[in-house]
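Right, one structure below, let's go through it.
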Amino acid sequence: MADEYKTLRLILGDQLNASHSWYASKNEDTLYVIAELYQETSYVKHHVQKVCAFFAAMQAFSQALMKAGHKVSYLTLDDTKGYTQLPELLNSLIEKHNVALFEYQLPDEYRLRSQLSEFRNKLNIDCNAYETEHFYLSDSELGNYFKAGKKHRLEAFYRKMRTRFNVLMEGERPLGGEWNFDSKNRNKLKQKDLSEVPEPLVFANDVSEIKERLERHNVSTFGTYHEQLLWPINRVQARELVLAFCKTQLSKFGFFQDAMTCNADDMYTKKQWSLYHSRLSFALNSKIISPAYVVETVIGYYYDHTDEVDIAQIEGFVRQIIGWREFVRGIYWVNMPEYGQLNTLGAERELPDWFWTGETKMNCQKHAIRQSLDYAYAHHIQRLMVTGNFCLIAGIDPRQVDDWYLGVYIDAIEWVEMPNTRGMSQFADGGIVGSKAYAASGNYINKMSDYCSSCHYDIKSVDSQNACPMNSMYWHFMTRHEAAFSKNPRNKMIYSSWNKKLPEQREKTLSRAMTYLNSLADL
């Protein structure tokens, strides 16, 4: 006969928060359940490293809870193969263990929160839902900062967060006299800088058994598989990664946070994929570590090392976590589910197949995509201004863009992925997240990277047969949305420049763009 428990508590794969109040006391009558589920591997096609990382982290968390004295049931795909959906599994466990109370933490994806809410409404036993106790802002507070359908701007929100939580503040004023030092953080890596790029700290977590399970249960994945997973899967490793970032990358993080290169690797060291970025997003989004811990640790290091780390570096890092990360979460929750249907620009083209292979003659896209396939990771500018910019100006269906970003990146959970993709990157939300569409020609990529110097296409040409596709496609994008975009003061100079071109020059540019747009698969 199965053991009986009064309470069943569900822990989802992105709820690995050891500091949650649930674990403050141990109760022999409470069973914690962590389960590998086919439904979570199949709602989009995921990168193999992403699935392996989440399952490995879930296993590690279950072991840590058991070691701490809690009753835990870890269910692998072998154990859950008979259950197509989470509610089926929960009903079975509740009956098996004669459970009188079901408890769960509020999921951070609308899909799962709705599923568990429906399940709760049908239960004939008591049920409680808890906050995850992870973010700076609780779920109940989001409505105080965000309103559905309203256009919000990061800077105003970021200042409120800094003030409320007393982060990098001197009384009521920001440390250093400025709220934002972003103007100092737009530097390109020059040849002399490449040898100084630090080798990234990576881990060697054996996920071979997990990979065997995925194959045994026909879980479809893509991307490069590493038997020794390089990502942190427990709190010890995550904290080690925080410290390594402080010691080796923080001093130049802001300075080079937008930079990209394809010339930093050698036969011994692979480092251009990580550069000066912390790569803490998986540990954060799975809740292995908290944003408060990261911010407090990094700021503490800054105060102890002001001779090597200046204010621009620490402010740029803090803004990403206490600002942007909390901001997109608020945008997501007050606008769902309608947000997931927005397509303001009417983009309908198909995502080219080379997004799944990296086999394109466009050097910027090739490196950003192959890196994503190799590591399940790319930094924010690669996502926004390389692959994202291409999809924007090419008019790719935002649903397909969403699915690719949600699947390919190890840190992609819908609450953080969708506002970044459908909002910031694709402007499909009409400006709820960003004040303008982040469209750019190839000149931006040339300014911030060394991709263009070894590209098949000519970055300096707009309308020749071998011109950089981004150049003419940019102008085509801006002209087809001129009615909407020309009203934005930030676009005034762009349209002024376009209108100064000779009619035959404009026609030639648009013709070249159409040639590319009609053959995206061949670029």
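If you go through the stretch 438-453 one residue at a time, do you hit one that is farther than 28 Å from residue 52 by Cβ and touching a His at 6+ places or on another chain (Cβ under 7 Å)? Can you show your working first?
Let us first name the residues in the stretch 438-453 that are farther than 28 Å from residue 52 by Cβ, namely 438-453.
From what is left, the residues that are touching a His at 6+ places or on another chain (Cβ under 7 Å) are 451.
Yes, some residue in the stretch 438-453 is farther than 28 Å from residue 52 by Cβ and touching a His at 6+ places or on another chain (Cβ under 7 Å).
Annotation: of all residues in the stretch 205-234 being over 20 Å from residue 35 (Cα atoms) and not aliphatic (A, V, I, L, M), the one that is least open to solvent (accessible area, probe 1.4 Å) is 231. Being farther than 30 Å from residue 371 by Cα, touching a residue at least 60 places away in the same chain (Cβ under 8 Å) and open to solvent by less than 20 Å² (accessible area, probe 1.4 Å) is the filter here; which residues of the stretch 1-57 pass it? Scanning the stretch 1-57 gives 7, 8, 10, 11, 20, 22, 31, 33.
Which residue out of 124, 144, 98 is part of a loop (DSSP other than H, G, I, E, B), free of Cβ contacts under 8 Å to residues at least 12 places away in the same chain, out of contact with any His (no Cβ under 8 Å at 6 or more places or on another chain) and open to solvent by 10 Å² or more (accessible area, probe 1.4 Å)?
Numbers: 144 fails: part of a loop (DSSP other than H, G, I, E, B); 98 fails: free of Cβ contacts under 8 Å to residues at least 12 places away in the same chain.
Sole residue among the options that is part of a loop (DSSP other than H, G, I, E, B), free of Cβ contacts under 8 Å to residues at least 12 places away in the same chain, out of contact with any His (no Cβ under 8 Å at 6 or more places or on another chain) and open to solvent by 10 Å² or more (accessible area, probe 1.4 Å): 124.
Looking across the stretch 250-272, the residues that are out of contact with any Lys or Arg (no Cβ under 9 Å at 6 or more places or on another chain) and open to solvent by 10 Å² or more (accessible area, probe 1.4 Å) come down to 251, 252, 263, 266, 267, 268, 269, 270, 271, 272. Here are some conditions: (1) over 21 Å from residue 418 (Cβ atoms); (2) exposed (fewer than 14 other Cβ atoms within 10 Å of the Cβ); (3) among the polar types (S, T, N, Q); (4) modelled with pLDDT of 95 or more. Residue 91 meets all but one. Which one does it not meet? Here residue 91 meets the rest and fails (2).
Looking at the stretch 171-193, which of its residues are of a type outside the set (D, E, K, R) and either surrounded by 17 or more Cβ atoms within 10 Å (Cβ to Cβ) or without any contact (Cβ under 8 Å) to a residue 24 or more places away in the chain (or both)? Quick ask: steps written out before the conclusion?
Quick first cut of the stretch 171-193, residues of a type outside the set (D, E, K, R) only: 171, 174-177, 179-181, 183, 185, 187, 189, 191.
Within the stretch 171-193, 171, 174, 175, 177, 179, 180, 181, 183, 185, 189 qualify.
Whenever a residue of the stretch 364-384 is free of Cβ contacts under 8 Å to residues at least 60 places away in the same chain and farther than 10 Å from residue 224 by Cβ, its partners that are open to solvent by 30 Å² or more (accessible area, probe 1.4 Å) and among the aromatic types (Phe, Trp, Tyr), lying with C-beta atoms within less than 7 angstrom and at least six residues away or across chains, give the pairs 384/438. Residues in the stretch 186-229 that are assigned to a loop (DSSP other than H, G, I, E, B), polar (S, T, N, Q) and within 23 Å of residue 282 (Cβ to Cβ): 220, 224. Checking each residue in the stretch 451-461 for being part of a loop (DSSP other than H, G, I, E, B) and either within 13 Å of residue 362 (Cα to Cα) or open to solvent by less than 20 Å² (accessible area, probe 1.4 Å) (or both) picks out 451, 455, 456, 457, 459, 461. If the condition is being open to solvent by less than 10 Å² (accessible area, probe 1.4 Å) and among the β-branched types (Val, Ile, Thr), then the stretch 273-307 contributes 289, 294, 295, 298. Go through (1) out of contact with any Gly (no Cβ under 6 Å at 6 or more places or on another chain); (2) more than 25 Å from residue 58 (Cβ to Cβ) one by one and return the number of the condition residue 241 breaks. (2) is the only condition that residue 241 fails. Every condition in (1) of a type in the set (Ser, Thr, Tyr); (2) over 22 Å from the mean Cα position of the chain (by Cα); (3) under 28 Å from residue 288 (Cβ atoms) holds for residue 138 except the one numbered (2).
The values are calculated or read from the model by the stated rules, or taken from the named source; none is laboratory data. Keep in mind that this is a model prediction, so the values were computed, not measured. In this analysis, Cβ positions are derived from the backbone assuming ideal geometry, glycine residues included, and neighbour counts consider all displayed protein chains. Calculation scope for accessible area: heavy atoms of the full protein, side chains included, ligands and nucleic acids excluded. Shrake-Rupley method; radii C 1.70, N 1.55, O 1.52, S 1.80 Å.
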